[in-house]
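Let me begin by presenting the structure, written as structure tokens, before commenting on it.
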Amino acid sequence: MAEEAPLPFRPAAVIFDMDGLMLDSERAILESLRAAALDQRADIDPDWWLCLIGHTEAVCRARLGAEIGDVAADALLADGHARYVAVAERGVPHRPGIVALLDLLVAHDMPRAVATSTRSPLAQRKLEAAGLLGYFDVVCTSSDVAQPKPAPDVYLLAAERLGVAPAQCLVLEDSPTGVRAALAAGMTAVQVPDLLAPDDAVRALGHRIVESLDDARELLAPWLLAAELTD
């Protein structure tokens, strides 16, 4: 990766987004929706679906309803969701580098949590099917909080359940919505973009942006190794 300044502090916990960050689910979701749209002969540009990434079910429903009408949107989303759940039950592929990063954190006893906009119990099933559930001390979903991302609720809940102050948490996110939620929680955010490249408004948030989870691991490694040497 390009030379990066080190993280300004050693986190007391690392909190992970799930879809698009750990799991290659954004592609699976979009492919499911595009297939449903094709079957229903909905006239939607293939690139239009990118505007749904990182948003809640309610926002996605409203945007699709504005695009093709409420009745058609409900039918398409139901079909797309059924297709995606079938994929998720088989196990969504990992994003590159996630296992190596989690193994490093486990080796150094770094507390770990998931904070996802996916509702429970689907979030738990997706993590289990992908073989990642056992890596985490805490899993928080949008079912557990009053307000979804970009509100900070799910991140604050994860910190509370870990017993770590928000300011001591490092968040790994792929979407601008998630980054805003982490920053609103008073946490340090590192973004690993997937399908959506950060625009000027996102970059203006002032957080760290890296190209891959391997890069994120390299940011953390010096702090973890330093702590090992002082133990």
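The values are calculated or read from the model by the stated rules, or taken from the named source; none is laboratory data. Computed from a prediction, not measured in an experiment: that's the story for all the values here. Using ideal geometry, Cβ is built from the backbone for each residue, glycine included, and neighbour counts are taken over all protein chains shown.
For region 101-142, a residue qualifies if it is of a type in the set (D, E, K, R), within 21 Å of Val192 (Cα to Cα) and exposed (fewer than 15 other Cβ atoms within 10 Å of the Cβ), and exactly one does: Asp103.
Within region 181-196, residues that are free of Cβ contacts under 8 Å to residues at least 12 places away in the same chain reach no partner that is among the acidic types (Asp, Glu) and surrounded by fewer than 24 Cβ atoms within 10 Å (Cβ to Cβ) with beta carbons closer than 9 Å at six or more positions or on different chains. State which residue is modelled with the lowest pLDDT when the search covers only region 31-59 and only residues that are of a type outside the set (Gly, Ala, Ser) and touching a Gly at 6+ places or on another chain (Cβ under 9 Å). Within region 31-59, the match that is modelled with the lowest pLDDT is Ile53.
Listed conditions (1) touching a residue at least 12 places away in the same chain (Cβ under 8 Å); (2) surrounded by fewer than 19 Cβ atoms within 10 Å (Cβ to Cβ); (3) among the acidic types (Asp, Glu) are all met by Asp174, apart from (2). Does Leu196 satisfy the criteria of being within 16 Å of the chain's Cα centre (by Cα) and part of a loop (DSSP other than H, G, I, E, B)? So Leu196 passes the test.
The set of residues from region 199-210 being among the charged types (D, E, K, R), under 18 Å from Ile53 (Cβ atoms) and outside any helix (DSSP H, G or I) comprises just one member, Asp199. Considering the conditions (1) buried (at least 20 other Cβ atoms within 10 Å of the Cβ); (2) farther than 21 Å from Ala189 by Cβ; (3) in contact (Cβ under 8 Å) with a residue 24 or more places away in the chain, Ala72 is excluded by exactly one of them, (1). Collect the residues in region 76-98 that are of a type in the set (A, V, I, L, M, F, W, C) and surrounded by 15 or more Cβ atoms within 10 Å (Cβ to Cβ), keeping them in residue-number order. Passing the criteria: Leu76, Leu77, Val87, Ala88, Val92, Ile98.
Can you find a residue in region 144-156 that is surrounded by fewer than 17 Cβ atoms within 10 Å (Cβ to Cβ), without any contact (Cβ under 8 Å) to a residue 24 or more places away in the chain and over 25 Å from Glu89 (Cβ atoms)? Yes, there is a match, as at least one residue in region 144-156 is surrounded by fewer than 17 Cβ atoms within 10 Å (Cβ to Cβ), without any contact (Cβ under 8 Å) to a residue 24 or more places away in the chain and over 25 Å from Glu89 (Cβ atoms).
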